[in-house]
Amino acid sequence: MSPVFIPLCPDRLEKILQLREQLYRHEDLVYEPGDAPSLLRELMANPSFGALWLIEVEREVAGYLLLTMCYSLEFHGRFGLLDEFYVEERFRGQGIGTAALAFAEHACRGLGMKALRLEVTHGNLRALELYRRRGFAVAPRHLMTKWL
C-alpha cells in the first residue's frame, strides 16, 4: 500500500485541523487552534511559503506533512523545514513515514534546496529513530524561540 500525497485544498481544512490536534496531543504540546485556519489559507495562497499535503492510503487519510521554505547562509540559501508531520497510529510501522520523508526530500531537491530540517520532541523515540535511519542528525545546538 503506497501513500498518495494530496495538496491542501479549502475543503480539507477541517480534516487538517483535526489531524493537527492529534499531532499536538501525541507530542504532548499545548494545542491552541487560534489562527491556524487563516494561516493555512495564507499558505494555500502563497506557495512560496511552503505546502501541506494530506497523506492518503487506499483513499483513507493517514496523516499530513507541512513543508515550509526558509533561508539561511549556513544551509546555502533556501532550505526546507518539515514544520509538522503526523501519521495516525493505525498507519504507523507500514513504511508510510519513510515514504513521506522521501517525498519531502524529493520536493526540496526539486526546488534546489540543499537541506531539510525538522523538530522532534525528546520523548518521541520512535520518530527519532525513523529520522536517524533517513539520514537526519541531531544538531549540536539548542533550537530556541522568542515569540514577538
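The values are calculated or read from the model by the stated rules, or taken from the named source; none is laboratory data. Predicted model only: the values in this text are computed from it and were never measured. Backbone-built Cβ (ideal geometry, glycine too); neighbour counts: all protein chains shown.
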query = For the subset of region 118-132 comprising residues that are touching a residue at least 24 places away in the same chain (Cβ under 8 Å) and surrounded by fewer than 17 Cβ atoms within 10 Å (Cβ to Cβ), which member is nearest to Phe91 (Cα to Cα)?
reply = Arg126
message = Just to be sure I understand the filter: pairs with C-beta atoms under 7 Å, separated by 6 or more residues or on different chains, first member in region 1-29 and farther than 20 Å from Leu125 by Cα, second member surrounded by fewer than 10 Cβ atoms within 10 Å (Cβ to Cβ). Which pairs pass?
response = Met1/Glu58
note = Within region 95-147, residues modelled with pLDDT under 95, charged (D, E, K, R) and either more than 21 Å from Ile55 (Cα to Cα) or over 17 Å from the mean Cα position of the chain (by Cα) (or both) come out as Lys114, Arg141, Lys146
query = Taking region 30-42 on its own, how many of its residues are touching a residue at least 12 places away in the same chain (Cβ under 8 Å) and under 23 Å from Thr121 (Cβ atoms)?
reply = 3
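Per-residue answers, yes or no, for (1) closer than 20 Å to Phe136 by Cα; (2) over 17 Å from the mean Cα position of the chain (by Cα):
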{"residue": "Cys9", "(1), (2)": "no, no"}
{"residue": "Lys15", "(1), (2)": "no, no"}
{"residue": "Glu21", "(1), (2)": "no, no"}
{"residue": "Val30", "(1), (2)": "no, yes"}
{"residue": "Ser72", "(1), (2)": "yes, yes"}
